[in-house]
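> Got a structure for you, questions after.
Coordinate-derived values only; no laboratory data. On a predicted model such as this, the values are computed, not experimentally measured, just so you know. All Cβ positions, glycine included, derive from the backbone under ideal geometry; neighbour counts span all protein chains shown.
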Amino acid sequence: MPDSEAGRDWSTAPIDELIVHIVNRHHTFLRRQLPRIEVIFDRIVGKKPDETGGIVLPLGKLFLGLRTELESHLLKEENVLFPYILRLEDARKSGSPTPKAHFGSVKRPIGMMEHEHDSADRVLQEMRRLTNGYPMEGSTCSNWRELFRALGELETDLVEHIRLENEILHPRAIRLEAECACASGS
Ligand SMILES: [Fe+2]
Ligand SMILES: [Fe+2]
């Protein structure tokens, strides 16, 4: 699918458009791919004899842990962090005081999200190590090739997703909060 937003400079785009991009592209990708990858795992586990060299169970366990963490992570962003960033942007535009939040500063949920990003990144690295980098050659099993391709695509998308949040969205949200505080003298 052609991506009209590829190459856009998200450091200067309106912050609400950046959030819509993250949700529509990266959160939607995860919600589609995570269940699909689990189906591929189930097909491989159900096959006899086991041609997996013993890695399918530890790999599947890592994947299931990652899936559970990510699904809860997406909800926290969509229900707590992103709506608060949009409220900060509205307050900045209207010159209103910094909106109140039960977590205090936006730095707190951001710290939690970045901690979870680090954890997801460690699981991705562990899955890559376990499979020797998702090699496409050498496997005669189409399920394995499909699994390795899907895990490789998951990693690529997640790395870009985390980069957009850690390096662009989060620093912009922290600056936005500081601007609101300055404008309202709080
Ligand atoms: Fe996200
Ligand atoms: Fe995130």
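> Considering every residue within the stretch 117-126, establish whether at least one is more than 22 Å from Leu176 (Cα to Cα), away from ligand 2 (no atom under 16 Å from the Cβ) and hydrophobic (A, V, I, L, M, F, W, C).
no
> Something else now. If you check Glu116 against the conditions, is it closer than 25 Å to Leu64 by Cα and either among the aromatic types (Phe, Trp, Tyr) or surrounded by 13 or more Cβ atoms within 10 Å (Cβ to Cβ) (or both)?
Numbers: closer than 25 Å to Leu64 by Cα: yes; either among the aromatic types (Phe, Trp, Tyr) or surrounded by 13 or more Cβ atoms within 10 Å (Cβ to Cβ) (or both): yes.
So Glu116 fits the description; yes.
> Kindly list the number of the only condition in (1) more than 16 Å from ligand 1 (Cβ to nearest atom); (2) buried (at least 18 other Cβ atoms within 10 Å of the Cβ) that fails for His27.
Checking His27 against (1) more than 16 Å from ligand 1 (Cβ to nearest atom); (2) buried (at least 18 other Cβ atoms within 10 Å of the Cβ), the one that fails is (1).
> Specify the residue that is surrounded by the most Cβ atoms within 10 Å (Cβ to Cβ); the eligible residues are those in the stretch 30-66 that are within 16 Å of Arg129 (Cβ to Cβ) and touching a Ser or Thr at 6+ places or on another chain (Cβ under 7 Å).
Result: Leu59.
> Shifting gears a bit: If the Cβ limit is 7 Å and pairs must be 6+ apart or interchain, which residue in the stretch 13-35 that is within 14 Å of Glu155 (Cα to Cα) pairs with which residue that is of a type in the set (A, V, I, L, M, F, W, C) and assigned to a helix (DSSP H, G or I)?
Taking only residues 6 or more apart or on different chains, the pairs are His27/Leu74; Leu30/Leu70; Leu30/Leu74; Gln33/Ala150; Gln33/Leu154; Leu34/Leu70.
> How about the stretch 141-161: which of its residues are more than 16 Å from ligand 1 (Cβ to nearest atom) and assigned to a helix (DSSP H, G or I)? Write out each step before concluding.
As a first pass, look at the stretch 141-161 and keep what is more than 16 Å from ligand 1 (Cβ to nearest atom): 141-153.
Ser142, Asn143, Trp144, Arg145, Glu146, Leu147, Phe148, Arg149, Ala150, Leu151, Gly152, Glu153, listed by residue number.
> Output the number of the condition that Glu69 fails; it satisfies all remaining conditions of (1) among the acidic types (Asp, Glu); (2) farther than 26 Å from Tyr134 by Cβ; (3) within 15 Å of ligand 1 (Cβ to nearest atom).
Only one criterion is unmet by Glu69, namely (2).
> Taking the conditions exactly as written (closer than 21 Å to Ser11 by Cβ, surrounded by fewer than 16 Cβ atoms within 10 Å (Cβ to Cβ) and touching a residue at least 24 places away in the same chain (Cβ under 8 Å)), does Glu160 satisfy them or not?
On the way: closer than 21 Å to Ser11 by Cβ: yes; surrounded by fewer than 16 Cβ atoms within 10 Å (Cβ to Cβ): yes; touching a residue at least 24 places away in the same chain (Cβ under 8 Å): yes.
Taking the combined requirement at face value, the residue satisfies it.
Yes/no per residue for (1) free of Cβ contacts under 8 Å to residues at least 24 places away in the same chain; (2) out of contact with any Cys (no Cβ under 8 Å at 6 or more places or on another chain); (3) within 20 Å of Leu30 (Cβ to Cβ); (4) surrounded by 15 or more Cβ atoms within 10 Å (Cβ to Cβ):
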| residue | (1), (2), (3), (4) |
| --- | --- |
| Lys93 | yes, yes, no, no |
| Ile110 | no, yes, yes, yes |
| Ala120 | no, yes, yes, yes |
| Tyr134 | yes, yes, yes, yes |
| Leu164 | no, yes, yes, yes |
| Ile168 | no, yes, yes, yes |
| Ala183 | no, yes, no, yes |
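> Looking at Gly111, Gly104, Gly65, Gly54 in this structure, which one is farther than 17 Å from Leu176 by Cβ and either among the aliphatic types (A, V, I, L, M) or out of contact with any helix residue (DSSP H, G or I) (no Cβ under 8 Å at 6 or more places or on another chain) (or both)?
Gly54
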